[in-house]
Amino acid sequence: MLEDIKKDAQNRMNKSVESLRHDLTKVRTGRASPALVEHLKVSYYGSDVPLSQVANVAIADARTLTITPWEKNMVAAVEKAIFASDLGLTPNTAGQIIRINLPPLTEERRKELSKHVSHEGENAKVAVRNIRRDALHQVKELLKSKDITEDEERKAEDDIQKLTDKFVKDVDGVVKAKEDELMAV
């Protein structure tokens with residue numbers, strides 16, 4: 001029972017860290033990355049679909065993305081989705097290829113993005129701590145129903161706290177790496 005609780009907590013904490021990593025790929029660092037635009041929704045015959053399902057997104061060079069829609073009539077819809085996004089990017093269209101030039105980030109924008117990254121990190125830490133709280137609650141329930149002893153409860157609480165500390169440290173590492181990437185000129 002206790003092992004199941006610990007394994008479940010570990011899996012959920014790991015998913016929180018992976019979710020943070022995934023979310024941080026969308027933060028612009030000044031280098032071109034397809035992850036920057038893949039989450040954008042494009043209107044495709046009346047329904048919104050991810051950009052990656054209607055076009056090929058590639059890196060032309062360090063500061064340029066190229067988007068090639070699979071259908072010629074999708075060029076305007078892709079441009080509209082890019083303009084409507086909160087990325088602040090301007091697409092340049094040449095025939096059927098859309099180019100997005102990423103301007104270098106200003107110092108002010110870097111600091112703004114750094115704050116956003118640390119905020120996302122705090123949210124991930126809160127999620128990890130909530131998982132710890134749930135696991136500790138399950139352990140207490142087992143103690144109340146006399147399925148485990150107080151010694152087993154204390155050991156389980158220590159193990160769960162060690163897990164929490166490990167994943168909070170992982171979150172700090174992910175945030176630090178992203179902030180370093182942002183601040184590199």
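If you stretched the chain out fully between residue 176 and residue 143, how much longer would it get, using 0.36 nm times the residue separation minus the C-alpha to C-alpha distance?
Numbers: separation 33, 0.36 × 33 = 11.88 nm, distance 3.90 nm.
This chain segment gains 8.0 nm when fully extended.
Relative to the longest principal axis of the Cα atoms of the chain, the long axis of helix 150-183 makes an angle of roughly 20 degrees. A helix-only calculation puts the chain at -20500 deg cm²/dmol for mean residue ellipticity at 222 nm, using -39500 (n - 2.57) for each DSSP H run of at least four residues, averaged over all residues. Above 24 Å, the calculated P(r) of the chain contains 54 percent of its Cα-Cα pairs. Within the listed set 154, 133, 99, the residue fluctuating most in the Gaussian network model of the chain (springs between alpha-carbon atoms under 10 angstrom) is 154. Sorting the Cα pairs of the range 35-101 by distance into bins of 10 Å, from 0 upward, gives 22, 63, 15, 0 percent per bin.
Eigenvalues of the alpha-carbon gyration tensor of the range 65-109, scaled by 5 and square-rooted, set the equivalent ellipsoid semi-axes at 23, 11, 6 angstrom, largest first.
How do 6, 166 rank when sorted from fewest to most other Cβ atoms within 10 Å of their own Cβ? The partial results should precede the final answer.
Working: 6 17, 166 13.
Listed from fewest to most nearby Cβ atoms, that is 166, 6.
With a Förster radius of 35 Å, plug the Cβ-Cβ distance of residue 3 and residue 26 into 1/(1 + (r/R0)^6) and report the FRET value to the nearest 0.05.
Values: r = 36 Å, r/R0 = 1.03.
In this case the efficiency is close to 0.45.
Excluding the site residues themselves, the longest part of the chain lacking any chymotrypsin sites (Phe, Trp or Tyr not before Pro) in a DSSP loop with at most 13 other Cβ atoms within 10 Å is 71-185.
Between the Cα long axis of helix 107-144 and the first principal axis of the chain there is an angle of about 30°, rounded to the nearest 10.
For residue 125, the lysines whose Cα falls under 18 Å of its own Cα, not counting residues fewer than eight places away in the same chain, are 6, 15, 115, 162, 166, 169, 176, 178.
Listed from fewest to most Cβ neighbours within 10 Å, the set 59, 98 follows the order 59, 98.
Here, each number is a calculation from the coordinates, and none is a lab measurement. Since the model is a prediction, treat every value here as computed from it, not as a measurement. Neighbour counts are summed over all protein chains in view; Cβ atoms, including those assigned to glycine, are modelled from backbone coordinates with ideal geometry.
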